1. Out of Leu51, Leu86, Leu19, any idea which swings most in a Gaussian network model of the chain, alpha carbons joined below 10 Å?
2. Expressed as a whole percent, how much of the Cα-Cα distance distribution for region 43-84 exceeds 16 Å?
3. Seen from all sides and averaged, what is the projected area of the convex hull of the Cα atoms in region 1-125, in nm²?
4. May I ask for the net charge around His59, where only other residues with Cβ less than 9 Å from the Cβ of His59 are counted and Lys, Arg are +1 while Asp, Glu are -1?
5. Let me understand region 42-114 better: what is its radius of gyration from the alpha carbons, and its Dmax, in angstrom?
6. Just Gln80, Gln50, Gln135 to compare: in a GNM of the chain, with alpha carbon springs under 10 Å, which one fluctuates most?
7. Tell me, what is the percent relative contact order of the chain, built from C-alpha pairs under 8 Å that lie six or more residues apart?
8. I'd like to know which of Ala11, Leu43, His59 lies farthest towards the positive end of the charge dipole of the chain, counting +1 on Cβ of Lys and Arg and -1 on Cβ of Asp and Glu.
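What follows draws every value from the coordinates through simple rules; no lab data is involved. Everything numeric in this text was worked out from a predicted model, so none of it was measured. Note that each Cβ is placed from the backbone with ideal geometry, even for glycine, and that neighbours are counted across all protein chains shown.
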Amino acid sequence: MTEREPARSQALHEVEENLRLLADTVRSRMRDAAKGINPALPLFGLKMLQLLKREGPLHSGAAADLLMVDKSIISRQSRQLEELGLIEVQADPRDGRARVLVLTPAAEERVAAVQTGIMLDNHVLDSWSAGELHQFAGYLSRLRSSEDPGDAA
């Protein structure tokens, strides 16, 4: 074992611990954001609303694929979101037999209102330069990359 290996191991441990803490913070902020939209809105409901805001009207199957869950979960959650007045289930304009999930105007406004700063504290990021933010975004991108560095050779 080289002298460098324990230091690298410790550094990796620090990265993993800080990522865990960051994930906990993000989950907590998302839960708070969901409650800000509607006190009865669960975290997964917020994820569905964010997906519809980003992608526009979607079939249940497409939403299930994008959120990597079973279609039955989307069906159950969409019923609750519809009861809360946050989505509508409408006929697909391209195929009247199919149904699509659509955000209501009220949900559009509420989701947009909680979007900024939901993941990270803007007060902290305000002190970072554009270069630092781009560098951080690059590191995050590298972390979520599915390509195995060993395959790049």
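1. Leu19
2. Cα-Cα pairs of region 43-84 separated by over 16 Å account for 21 percent.
3. Result: a mean projected hull area of 10.8 nm².
4. Charge balance in the 9 Å sphere: 0.
5. In order Rg, Dmax, the Cα atoms of region 42-114 give 11.3, 34 Å.
6. Among Gln80, Gln50, Gln135, the largest GNM mean-square fluctuation belongs to Gln135.
7. On the way: 108 pairs, mean separation 31.9, N = 153.
Reported as a whole number, the value is 21 percent.
8. His59
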